Structure formats: structure tokens, C-alpha cells
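The values are calculated or read from the model by the stated rules, or taken from the named source; none is laboratory data. Since the model is a prediction, treat every value here as computed from it, not as a measurement. Neighbour counts are summed over all protein chains in view; Cβ atoms, including those assigned to glycine, are modelled from backbone coordinates with ideal geometry.
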Amino acid sequence: MGMEQWLAFVSATLILFMIPGPDMVLVAGWSARKGFRKGLEAATGTVMGLLVHTMATSMGLAALLAASASAFSVLKWVGSIYLVWLGIMKLRNGESESSTDKSRRASSPFLQALCTNLLNPKVILFFLAFLPHFVDPNADVKGQFIMLGLAFAVISTACYLALIAVTAKAGQALGKSRRAQQLGRWLSGTVMIGFGVRLAMASHS
């Protein structure tokens, strides 16, 4: 891929990153309420999900899943239920800081972000629609998919670091305000529920 194509790929990735999604809301929410480290854990979970999607796309598994209306529907409903559950959990008690090991694992920022990404079939459709625009069919297609997926993950990581730095700083400044904390939790939970409902209404196309 030439320099012009790389620049186009990077530019498109940066523009797409600016479109809010459940991954971004989750990372921003964790960093704003719990600081840079928790935000970084959430971002790591999201990037790991992107890498899994990259491998699935390069191996043709993503295309098979996207072609199956039944598989798409199952993943869509599981993902939407999970997003709604996350939203309700945030509305009820923030991050469900229970003393039990099970609750602590469930409220892990890494696990939440990983599941949010992997259970979203729209990410699969995005990879299948976006990456082929930058692939040369006359070269190693699988290798190009992997290279582009890794580049997408690297760019996303850099963007998430910037997002975490800003939201963690803002969260620290507002951390002493109980009303601000409640408002942030309410907004985060409501938005996550909204994403879940929107995902449930998504069509297989």
C-alpha cells in the first residue's frame, strides 16, 4: 500500500474514532470516575477486541458470521442485553463495587470493554466494509488484513490515550462534587442503555 493510501487509511480511522460509540463511552466513563489506570484497562480491553476482530476477518470467520442472519441476530441480542445491563448497573450503583470476587470480575473495566467490543456485530460489519477499501486483491490479502487491523489498533490506542488523559483530568477536577459524579454516572448509564436499544434495532445488512 502506497503512502497516499496509508494517509487515507489513517485519516479515515481518525475520523471514525471521533464518532461516539459504546467503547468510547465506556473508556471515558472509567477514566473520568476512576482515573487514568482504570481508563487504560478499559482501553486495553477494547483494543484486544479489535485484534480478535482483525484475526477473525483475516481468517474469513467474520464474513461467515456476517453472512448468517441467525448468528448475527443472536450476537446482536446478546450484545444489546449486555449494554443495557451495563447501563442499569451504572445507574443503580456506579461500578457495582461489591466485595464478592464475582462482582469484582464483572465490574472489571478490561472485561467490560472486551465484552462490549466482541459482542457488537456492528464492529464485524464495520471491519468487513472498511478494511477491504485498502486491500490490494492481487497481493497477500490475509496479510494485508492483519497489517491494517494492527494499524487500526495502534491508532485507536493512541486516540484512547488522549481521551483518557483528558477525561481523567476532568474527572479529577470534578471528583469532589457529588452532584457531578451522580450526573456523570447517570449520563454514562443512560447512553449505554441507548446504545443497547439501538443495537437491538440494528438490521442485518
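Suppose we filter Ala28, Ala56, Ala32, Ala42 for residues that are over 18 Å from Lys142 (Cα atoms), part of a helix (DSSP H, G or I) and at pLDDT below 90; which single one remains?
Checking each option against the conditions leaves just Ala32.
Of the conditions (1) part of a helix (DSSP H, G or I); (2) within 29 Å of Phe72 (Cα to Cα); (3) small (Gly, Ala, Ser), Ala202 clears all except one; give me its number.
It fails just one condition, (1).
Specify the residue that is surrounded by the most Cβ atoms within 10 Å (Cβ to Cβ); the eligible residues are those in the range 175-193 that are part of a helix (DSSP H, G or I) and free of Cβ contacts under 8 Å to residues at least 60 places away in the same chain.
So the residue we want is Ala180.
For Ala67, are the conditions met, namely being modelled with pLDDT under 85, more than 26 Å from Thr167 (Cβ to Cβ) and aliphatic (A, V, I, L, M)?
Considered against the rule, which asks whether it is modelled with pLDDT under 85, more than 26 Å from Thr167 (Cβ to Cβ) and aliphatic (A, V, I, L, M), Ala67 comes out as yes.
Can you name the residue in the range 167-192 that is within 18 Å of Pro109 (Cα to Cα) and aliphatic (A, V, I, L, M) and is also modelled with the lowest pLDDT among such residues?
Ranking the candidates gives Leu187 first.
What are the residues in the range 1-25 that are surrounded by 15 or more Cβ atoms within 10 Å (Cβ to Cβ), within 17 Å of the chain's Cα centre (by Cα) and in a loop (DSSP other than H, G, I, E, B), if any?
Gly21 - this is the single residue of the range 1-25 that is surrounded by 15 or more Cβ atoms within 10 Å (Cβ to Cβ), within 17 Å of the chain's Cα centre (by Cα) and in a loop (DSSP other than H, G, I, E, B).
Determine if the range 112-119 includes at least one residue that is modelled with pLDDT under 90 and within 15 Å of the chain's Cα centre (by Cα).
Going through the range 112-119, the residues modelled with pLDDT under 90 turn out to be none.
Within the range 112-119 (the criterion being modelled with pLDDT under 90 and within 15 Å of the chain's Cα centre (by Cα)), the answer is no, since none of the residues qualifies.
Run down Lys142, Lys169 and say which single residue is within 22 Å of Val10 (Cβ to Cβ) and among the basic types (Lys, Arg). Working first, answer last.
On the way: Lys169 fails: within 22 Å of Val10 (Cβ to Cβ).
One residue alone meets the criteria, Lys142.
If only one of Leu51, Leu75 is free of Cβ contacts under 8 Å to residues at least 60 places away in the same chain, farther than 23 Å from Trp186 by Cα, assigned to a helix (DSSP H, G or I) and within 19 Å of the chain's Cα centre (by Cα), which one is it?
Leu75
Inside the range 118-171, can you point out the residues that are surrounded by fewer than 17 Cβ atoms within 10 Å (Cβ to Cβ) and not in a helix (DSSP H, G or I)?
Asp136, Pro137, Asn138, Ala139, Asp140
Pick from Ser58, Ser73: which is surrounded by 20 or more Cβ atoms within 10 Å (Cβ to Cβ), closer than 22 Å to Leu128 by Cα and of a type in the set (S, T, N, Q)? Full working, then the answer.
Numbers: Ser73 fails: surrounded by 20 or more Cβ atoms within 10 Å (Cβ to Cβ).
Exactly one residue qualifies, and that residue is Ser58.
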